[in-house]
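Heads up, the thing below is written out as structure tokens.
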Amino acid sequence: MNSAQELATLIAALRTLSHDAQPRAALATLVRTRGSTFRRAGTRMLVLADGSVVCELSGGCPQRDIVQRALEVMTNGAPRLVSYNAESGLDVLMEMGCGGELEVLLEPLLAPKAMDFVDALADCMAQRRSARMATVFAVDSAVVPPQRLLWCGDEVLYDSIGDAAVMQAIFDAIASNDAARPVALHLSCMQGKVDVLVEPVAPPHALIVIGDSAAARALLPVASALGWQTTLVDHDPERLAAIDLPAGLRAVCAAPDKVRDALPLDAHSSVVVMTHNIERDMAYLAALRDAPVAYLGTLGSRERVGRMRGDVQLKGIRLHAPAGLDIGSETPEEIALAVAAEIMAVINGRSGGPLRDNEGAIH
């Protein structure tokens, strides 16, 4: 599936395209994958009329073949499901070298209404709402123009399916599936056998960096490159104003007792406290101990961390300390890399160990 950064890029491109009275593009979506593949189900690539793309899938032979087929659906105007497996697309499959199989939905975008769902998706992301999106792409094995449903809890945010029975079948099926991963379902409905891709929609990860240290400043461009919504926090307004922040990042002046009021924290947020003043670090951590964040970490030696954990106000706190993966980091930039890598491992539910020791899926 697309990262939140990729999804934001796609949304922006689709909104621009929707303002064209006669758009000409195609959306390529991986709807099913089996075995080892270069991306997971739910990953999308926008192909424009000149063959250029937004959000590359692989950059190699499979992508070139998908682009060529996408140009064909722009011409004939009909959606198409392309399989790369032992029976079809074998030459491309062999060049992939991954050993997996995949199915790609190619959806022509030849009218503004084909992108009606994008505004609802953009609003959902802007409001930092976790939602799910279902895309119906085939009925009785015949590919149909995709119909979509976007919902958050019990609230439907967008619906072009318009069939209560299909919607209920989707809801019932999802109740017994892992909502954390995209899943392609084959459902029995009044319409017939319906193929639908259901995927989670999560807001961009938000990183809050508290402190004015060199490592704190080094972490900002790393987080920005990952597409995280990054905020630098300091208690000193003059020092904060003097920092030259990377584009798109914001600064918040907040002392420990005001930090919870100043920051909208949620399950898609991480906080790293790195002021290099142990008393101030502990004050910030104490204020954040029950915050609903995915990751809370702080820098320090084992002796320093032991002192923090022994403090009564931090007893039992769920804390990553010393923050970062063990990669031998020493410089501010190396520390920033180690911390960002640990945050990514945590939010993706991974251990952070070498890929060679992982016998499961890489993606």
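Residue by residue, here is whether (1) more than 19 Å from the chain's Cα centre (by Cα); (2) more than 20 Å from GLY42 (Cβ to Cβ); (3) not β-branched (Val, Ile, Thr) holds:
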position	(1), (2), (3)
ALA111	yes, yes, yes
VAL118	no, no, no
GLN127	no, yes, yes
SER130	no, no, yes
ALA134	no, no, yes
ALA138	yes, no, yes
PRO146	yes, no, yes
TYR158	yes, no, yes
ILE170	yes, no, no
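For the stretch 221-243, give me each residue that is modelled with pLDDT under 90 and touching a Cys at 6+ places or on another chain (Cβ under 6 Å). Matches in the stretch 221-243: LEU240 only. Among the residues of the stretch 19-34, at least one is under 24 Å from PRO200 (Cβ atoms), of a type in the set (Ser, Thr, Tyr) and in contact with a Gly (Cβ under 9 Å, 6 or more places away or on another chain). Summed over the stretch 238-250, the residues that are open to solvent by 50 Å² or more (accessible area, probe 1.4 Å) and over 20 Å from ILE278 (Cα atoms) give a count of 7.
In this entry, ASP159 passes the filter for residues that are charged (D, E, K, R) and in contact with a strand residue (DSSP E or B) (Cβ under 6 Å, 6 or more places away or on another chain). Yes or no: LEU288 touching a helix residue (DSSP H, G or I) at 6+ places or on another chain (Cβ under 9 Å), within 21 Å of LEU207 (Cα to Cα) and open to solvent by 30 Å² or more (accessible area, probe 1.4 Å)? It is false that LEU288 is touching a helix residue (DSSP H, G or I) at 6+ places or on another chain (Cβ under 9 Å), within 21 Å of LEU207 (Cα to Cα) and open to solvent by 30 Å² or more (accessible area, probe 1.4 Å). Looking only at residues in the stretch 52-76 that are within 12 Å of LEU27 (Cα to Cα) and touching a Pro at 6+ places or on another chain (Cβ under 9 Å), which one is surrounded by the most Cβ atoms within 10 Å (Cβ to Cβ)? Filtering first and then ranking leaves ALA70. Sort out which residues of the stretch 26-51 are open to solvent by 30 Å² or more (accessible area, probe 1.4 Å), small (Gly, Ala, Ser) and within 19 Å of ALA114 (Cβ to Cβ), and write them in order of number. Hit for the stretch 26-51 is ALA49, nothing else. Count of the stretch 150-181 residues, restricted to those that are open to solvent by less than 40 Å² (accessible area, probe 1.4 Å) and either among the charged types (D, E, K, R) or farther than 17 Å from MET125 by Cβ (or both), is 9. Restricting VAL73, VAL67 to residues that are in a helix (DSSP H, G or I), free of Cβ contacts under 8 Å to residues at least 40 places away in the same chain and in contact with a strand residue (DSSP E or B) (Cβ under 9 Å, 6 or more places away or on another chain) narrows the list to VAL67.
The residues of the stretch 1-13 that are in contact with a strand residue (DSSP E or B) (Cβ under 7 Å, 6 or more places away or on another chain), open to solvent by less than 50 Å² (accessible area, probe 1.4 Å) and aliphatic (A, V, I, L, M), listed by number, are LEU10, ALA13. In the stretch 322-349, the residues that are within 14 Å of THR298 (Cα to Cα) and outside any loop (DSSP other than H, G, I, E, B) form Cβ pairs under 9 Å with partners that are of a type in the set (Asp, Glu) and open to solvent by 50 Å² or more (accessible area, probe 1.4 Å), at six or more places apart or across chains, as follows: ALA338/ASP326.
The values are calculated or read from the model by the stated rules, or taken from the named source; none is laboratory data. All figures in this text were calculated on a predicted structure; none of them were measured in a lab. Glycine gets a Cβ as well: all are built from the backbone with ideal geometry, and neighbour counts include every protein chain shown. Heavy atoms of the whole protein, side chains included, go into the accessibility calculation; ligands, DNA and RNA do not. Shrake-Rupley method; radii C 1.70, N 1.55, O 1.52, S 1.80 Å.
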